[in-house]
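Structure first, then comments.
Values quoted throughout were computed directly from the atomic coordinates according to the rules given, and no laboratory measurement underlies them. Everything numeric here is computed off the predicted structure, so don't read it as measured data. Here the Cβ positions follow ideal geometry from the backbone for every residue, glycine too, while neighbour counts run over all protein chains shown.
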Amino acid sequence: METAVGVEARARDLSIRPPRHIVTSGMPRDEVTIVSPVAEDATERLAPAPRVASLEGARVALIDNSKHNADRFLDTLATLLVRDHGVAKIERYRKVSASVPTPPEVLSRLLEASDAAVHGVAD
């Protein structure tokens, strides 16, 4: 039977050695490399898009990110834009998934055919 002191000594001895499946060739045994899983914060500063002078007669693109209730939010927004602000045309696009960006060709088409765009995010 092993004593408590013996167990502690064995645990201490094991804790300083890497498991057998980890390759350590080329690394000094007394060196540890720590790798951060955090993404680099490299954001590009963009100026806000130019604002339309008036929504009267404007064409507005609505992009639904497909999260829960985004469609309800954008339905209400479309009604208000047409009824209260005189928007002439609403064009809709619903993304396949919230985690997938709007395809560049769809975004280009929407922006070329519209005076303003709203990307609806909901939950």
In this structure, the FRET efficiency calculated for residue 98 and residue 33 from their beta-carbon separation, with R0 = 30 Å, to the nearest 0.05, is 0.30
Between residue 67 and residue 112, 0.36 nm times their residue separation minus their Cα-Cα distance comes to what? 13.7 nm
By the Cα gyration tensor axes a ≥ b ≥ c (a/c under 1.5 gives rounded; else a/b larger than b/c gives prolate, otherwise oblate), the shape of region 59-120 is oblate
Interchain or long-range residues, amide H under 5 Å from residue 62's placed H: 91, 92, 93, 118
Distance in nm between label sites at residue 105 and residue 56, each 7 Å beyond Cα in the beta-carbon direction? 3.9 nm
For region 106-119, Karplus-derived ³J(HN,Hα) couplings (6.51, -1.76, 1.60; θ = phi - 60°; whole Hz; x for glycine and proline) come out as 5, 4, 4, 4, 4, 6, 5, 8, 10, 8, 8, 9, 10, 9
At a Förster radius of 35 Å, what calculated FRET efficiency corresponds to the Cβ-Cβ distance of residue 75 and residue 47, to the nearest 0.05? 0.70
